Structures are given as structure tokens and as C-alpha cells.
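Heads up: the structure comes next, in C-alpha cells.
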Amino acid sequence: MQLCSACLAVRAGDGDTARHAVLQITDTRRSKLPNEGIVTVSTFRCQACGACWTTALKVVTFQIAIATKT
């Protein structure tokens with residue numbers, strides 16, 4: 001398969017899937033993994049060259065304690 005110029009930029013790390021104008025999202029799944037938190041996995045297909053891309057995003061939650069002087 002020959003990749004279009006936008007997919008070549010994503011593959012080389014010079015671009016990202018958010019800037020690729022003709023990527024169409026085909027699936028998104030959110031899973032809660034034990035001891036890991038929530039992970040969102042999205043799959044895209046390029047309408048220009050047909051390449052498939054998968055991204056995974058881990059949602060990180062944290063708590064901050066702030067001490068104030070009274």
C-alpha cells in the first residue's frame with residue numbers, strides 16, 4: 001500500500017491524526033483497565049489512501065492537596 005503525504009507525515013512522527021484532513025473515525029472504545037485507569041482506543045481510516053490508524057489515550061486522574069495558611 002502506498003501512503004498519501006499526510007499519512008507519511010503521521011508515520012514519520014511529523015504530524016498527528018488530528019491534523020490529517022481526510023481521516024474518518026471508524027471505531028472508538030473506552031475500557032477501564034485494572035490498576036491502569038481508563039483507556040480510549042480509536043481507529044481511523046484514511047479516505048485518500050486507505051491506511052488504518054489506531055490511537056490509544058490513557059485518561060490520567062490525580063488529586064492535588066493544597067495547603068493554605070490561615
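Ordering LYS32, LYS58 by accessible area with a probe of 1.4 Å, largest first, what comes out?
So the residues, ranked largest to smallest area, are LYS32, LYS58.
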Fill in the blank from the handout: Between GLN47 and VAL59, the two model label points (7 Å from Cα along the beta-carbon direction) sit apart by a distance in nm of 2.9
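For ILE25, ILE38, what's the largest-to-smallest order of accessible area, 1.4 Å probe?
Heavy-atom accessible area, descending, gives ILE25, ILE38.
The values are calculated or read from the model by the stated rules, or taken from the named source; none is laboratory data. It should be emphasised that the depicted structure is a prediction, and the values quoted were computed from it without experimental measurement. No Cβ is skipped: glycine too gets one built from the backbone with ideal geometry, and neighbour counts run over all protein chains shown. Surface accessibility is based on the protein's heavy atoms, side chains included, excluding ligands, DNA and RNA. Shrake-Rupley method; radii C 1.70, N 1.55, O 1.52, S 1.80 Å.
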